[in-house]
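Have a look at the structure below before the remarks.
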Amino acid sequence: MPTEYVSEPDNGAHAVPAIPDHSGTVPTSAEARAKCRIAALEDELQTMKEERGMKQRKTTYYIAQGRAIWCMVVLYTNLEDLITENDRRYDESVVDDLVVDTTTEQDCLQHGYIAFTQTLPWLHDMMKKLKKGADVARGDDTSTLKDLIATWINQDFRPSALLRPDDKQLRRFAHDICGKLLYLAEWDWNDDRLSSVKAGIHDRTSEFIVSENSWPLFLYKNYSFNNSNLEKGLFQSKILIQAFKAIFTSSAKEANGDGNSADILESNRRTQRAVNQVKVKTCVASIISMKKVTSRSIAYVICQVCFALSNLSSWCTIDGHFDYEVFWNNIVDFFKDIPGPVAQHRVAKLLEWWTRKIFGKNHCQDLTPEVISRMSVTALAEQRRAQEDAAFDSE
């Protein structure tokens with residue numbers, strides 16, 4: 001193969017051998033590369049326009065459908081009230097197999113709901129699908145925690161009688177550890193009256209009523225409380241953190257930690273960006289774009305843990321004297337009905353603690369321009385500008 005040379009006739013230099021290209025790259029002109037890039041950008045722009053048009057058509061469709069509500073359904077009543085009344089009747093019919101006496105106002109709401117679903121029949125189907133999804137999710141969480149609670153208790157407490165993940169008959173106060181975790185904060189599980197307390201609970205005497213009006217021990221950090229400060233350590237137990245992770249952010253294996261692990265959502269995103277680009281099942285928090293822990297999500301997890309510690313085999317609202325619905329409201333009210341700014345500060349700190357435990361120590365929202373201005377990257381940029389100015393002034 002003849003040797004190729006590159007000459008430089010302008011300066012009189014001798015011709016030098018060209019370095020052979022062993023990469024197999026075919027040279028292309030800058031114009032050709034620019035055209036390819038422009039074509040790719042045009043395709044991307046067209047895709048974006050189509051997606052935007054689809055979203056706009058969906059939005060326009062719902063707005064157009066909504067025009068019928070005030071015209072054909074109700075004029076002064078909130079749609080939420082119609083839905084609430086229908087849900088109330090449905091729940092009562094499921095529990096009691098009949099609908100109790102209703103007021104004229106309630107009947108008007110129900111008639112409005114019927115007209116609502118007749119005018120927009122697709123909405124009823126959508127709501128049924130949403131409710132079905134909610135019920136399925138609750139059932140999945142209940143089943144998951146039934147197994148995990150047994151595993152966590154056996155690992156952490158080492159009871160003489162191990163809990164069986166597939167059996168709930170020997171839970172609640174029939175099991176020492178489950179009974180201790182469900183024990184109410186105003187009682188002393190380790191006092192000399194333990195046997196009489198157990199007997200009183202079993203016999204459901206008036207002195208030992210287990211109801212939603214007390215905080216169970218499993219809500220407290222280290223499963224212990226201070227009678228003179230019942231708020232200290234409340235909603236900070238290890239088992240709650242484990243349960244929250246199992247439901248919202250991680251697999252059962254990842255949920256075994258105490259909350260100091262790395263950001264699980266970021267790990268999930270890294271998995272999705274894997275080289276093979278295989279679709280993976282994302283966690284609930286990613287699906288609903290959950291970045292912070294809320295009071296209602298805490299209340300949901302607490303009710304699920306409480307149910308997992310019980311001996312109930314299927315989900316229900318009432319367990320003896322214990323009303324799960326009122327219990328859920330009591331938890332939400334703790335975060336919502338705040339007596340003053342001091343308590344508000346404690347509640348805010350508690351939610352921050354939960355978010356840090358579940359999602360990791362992510363402080364991106366704290367990186368304000370003022371904070372960034374004090375960091376070394378900004379400081380170095382300022383120093384370099386100052387050095388340039390000083391050099392210019394010295395000339």
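The values are calculated or read from the model by the stated rules, or taken from the named source; none is laboratory data. Since this is a predicted model, take the numbers as computed values, not measurements. Here the Cβ positions follow ideal geometry from the backbone for every residue, glycine too, while neighbour counts run over all protein chains shown. Ligands, DNA and RNA are excluded from the accessible area calculation, which covers all protein heavy atoms including side chains. Shrake-Rupley method; radii C 1.70, N 1.55, O 1.52, S 1.80 Å.
When you go through (1) open to solvent by 40 Å² or more (accessible area, probe 1.4 Å); (2) charged (D, E, K, R); (3) closer than 30 Å to I288 by Cα; (4) modelled with pLDDT of 90 or more one by one for D141, which number turns out not to apply?
Status for D141: all satisfied but (1).
Take the conditions touching a residue at least 12 places away in the same chain (Cβ under 8 Å), open to solvent by 40 Å² or more (accessible area, probe 1.4 Å) and among the β-branched types (V, I, T) and apply them to T104. Does it pass?
On the way: touching a residue at least 12 places away in the same chain (Cβ under 8 Å): no; open to solvent by 40 Å² or more (accessible area, probe 1.4 Å): yes; among the β-branched types (V, I, T): yes.
Answer is no for this residue.
Take K349 and decide whether it is closer than 22 Å to K238 by Cα, basic (K, R) and open to solvent by 90 Å² or more (accessible area, probe 1.4 Å). Before you say what the answer is, go through the steps one by one.
Working: closer than 22 Å to K238 by Cα: yes; basic (K, R): yes; open to solvent by 90 Å² or more (accessible area, probe 1.4 Å): yes.
Criteria met by K349.
Return the residue satisfying two criteria in turn: it lies in the stretch 315-330 and is touching a residue at least 40 places away in the same chain (Cβ under 8 Å) and assigned to a helix (DSSP H, G or I), and of such residues it is surrounded by the most Cβ atoms within 10 Å (Cβ to Cβ).
Going through the stretch 315-330, the residues touching a residue at least 40 places away in the same chain (Cβ under 8 Å) turn out to be 315, 317, 320-324, 326-327, 330.
Then keep just the ones that are assigned to a helix (DSSP H, G or I); that gives 324, 326-327, 330.
Working: Y324: 20, V326: 13, F327: 22, N330: 17.
Filtering the stretch 315-330 for residues that are touching a residue at least 40 places away in the same chain (Cβ under 8 Å) and assigned to a helix (DSSP H, G or I), the one surrounded by the most Cβ atoms within 10 Å (Cβ to Cβ) comes out as F327.
State whether the residues of the stretch 331-338 include one that is in a helix (DSSP H, G or I), under 18 Å from V210 (Cβ atoms) and open to solvent by less than 50 Å² (accessible area, probe 1.4 Å). Steps first, please.
Within the stretch 331-338, the first condition is being in a helix (DSSP H, G or I), and the residues that meet it are 331-336.
This time we only want the ones that are under 18 Å from V210 (Cβ atoms), so: 331.
Restricting the remaining residues to those that are open to solvent by less than 50 Å² (accessible area, probe 1.4 Å) gives 331.
Scanning the stretch 331-338, I find at least one residue that is in a helix (DSSP H, G or I), under 18 Å from V210 (Cβ atoms) and open to solvent by less than 50 Å² (accessible area, probe 1.4 Å), so the answer is yes.
Return the only residue of Y183, Y90 being open to solvent by 50 Å² or more (accessible area, probe 1.4 Å) and within 25 Å of S310 (Cβ to Cβ).
Working: Y183 fails: open to solvent by 50 Å² or more (accessible area, probe 1.4 Å).
Just one listed residue meets the conditions, Y90.
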